[in-house]
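Please treat every number below as a calculation from the coordinates, not as lab data. From a predicted model like this one, the values you see are computed outputs, not experimental measurements. Here the Cβ positions follow ideal geometry from the backbone for every residue, glycine too, while neighbour counts run over all protein chains shown.
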Amino acid sequence: MSSDRPTCGKRLVATAALAAFVLMAVGSGCTGFFVNQPNSIAVTQAGASTLAVAVGTPQQLTATATYNSGTKIVTNSVSWSSSTSCATVSTTGLVTAIGPSSSVTITATLAGVQGTITGSTTGGTSGTLTITSNPSSPFTLLTTTSAQFTATDSGGNNVTNSSTWTSSDTTLLTFSTTTPGLATLLATGSPTVTASTTTSGACETGTATVTIQ
């Protein structure tokens with residue numbers, strides 16, 4: 001009997017430790033507890049929350065993650081992406097302007113959590129893309145269907161495949177990550193679609209407002 005008592009005691013201690021672990025996990029909301037996942041990410045340019053980049057003057061962005069334990073600069077750990085071909089962003093967060101654009105969003109992603117900075121690029125030359133769709137314009141489309149958008153540059157060239165496609169509201173319309181210009185319509189509303197590309201060093205952008213019924 002006496003030989004069983006230490007074993008039972010060890011079991012009780014282990015059970016108590018496990019219970020405390022579970023309580024800590026619940027109390028922490030689980031986010032950032034089991035994995036190194038941030039609660040949020042802030043993206044800044046020289047401390048500012050607005051992006052402003054001129055052609056010929058690349059700007060460095062900083063990504064700061066907030067964890068339960070505090071904040072940490074994660075600029076070199078996040079995945080960077082740009083909403084437009086008018087601005088490129090390197091793997092280390094360096095943004096280079098290709099041409100002028102009044103609406104640029106740079107996104108930093110880490111462990112499924114995203115942070116963004118929005119602003120503009122200036123300088124260089126620009127042009128306008130013409131956007132059409134199938135089903136055809138005007139852009140009145142039905143939900144639970146798909147639509148193929150096409151971009152034509154100022155020279156009359158089809159630049160659909162080389163364009164970057166974005167939606168102003170991804171709860172209403174999303175673009176395929178494998179087929180350029182192919183959109184899935186998710187709900188009724190009026191999102192704006194944007195296409196941008198670079199041609200001979202110039203940045204060309206086009207927008208269209210879609211009515212989804």
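Couplings 3J(HN,Hα) of the stretch 44-49, computed from phi: 9, 10, 6, x, 8, 9 Hz, in residue order, whole Hz [Karplus 6.51 cos²θ - 1.76 cosθ + 1.60, θ = phi - 60°; x for Gly and Pro].
Between Q148 and Q213, what FRET efficiency follows from the Cβ-Cβ distance if R0 is 22 Å, with the result rounded to 0.05? With R0 = 22 Å, the Cβ-Cβ based efficiency is 0.75. Once backbone amide H atoms are built at 1.01 Å from N, L129 has T205, G206 as its partners under 5 Å, excluding neighbours fewer than 5 places away on the same chain.
Using just the C-alpha positions of the stretch 67-115 as equal point scatterers, what log10 of I(q)/I(0) does the Debye formula give at each q in 0.14, 0.16, 0.33 1/Å? Here log10 of I(q) over I(0) equals -0.39, -0.49, -1.27. Above 19 angstrom, tally the Cα pairs of the stretch 79-213 and express them as a % of all pairs, no decimals. Distances greater than 19 Å cover 50 percent of the Cα pairs. For the stretch 174-198, backbone nitrogen atoms closer than 13 Å to the point 7 Å from T122 Cα along Cα-to-C-beta are found at no residue.
One Cα centroid belongs to the stretch 74-128, the other to the stretch 185-213; the line between them spans 17 Å. Ranked by the mean number of other Cβ atoms within 10 Å of their residues, highest first, the peptides 110-118, 42-50 fall in the order 110-118, 42-50.
Near V159, the amide H atoms lying under 5 Å from its own belong to A151, T152, D153; only residues 5 or more places off or on other chains count, and H is placed 1.01 Å from N.
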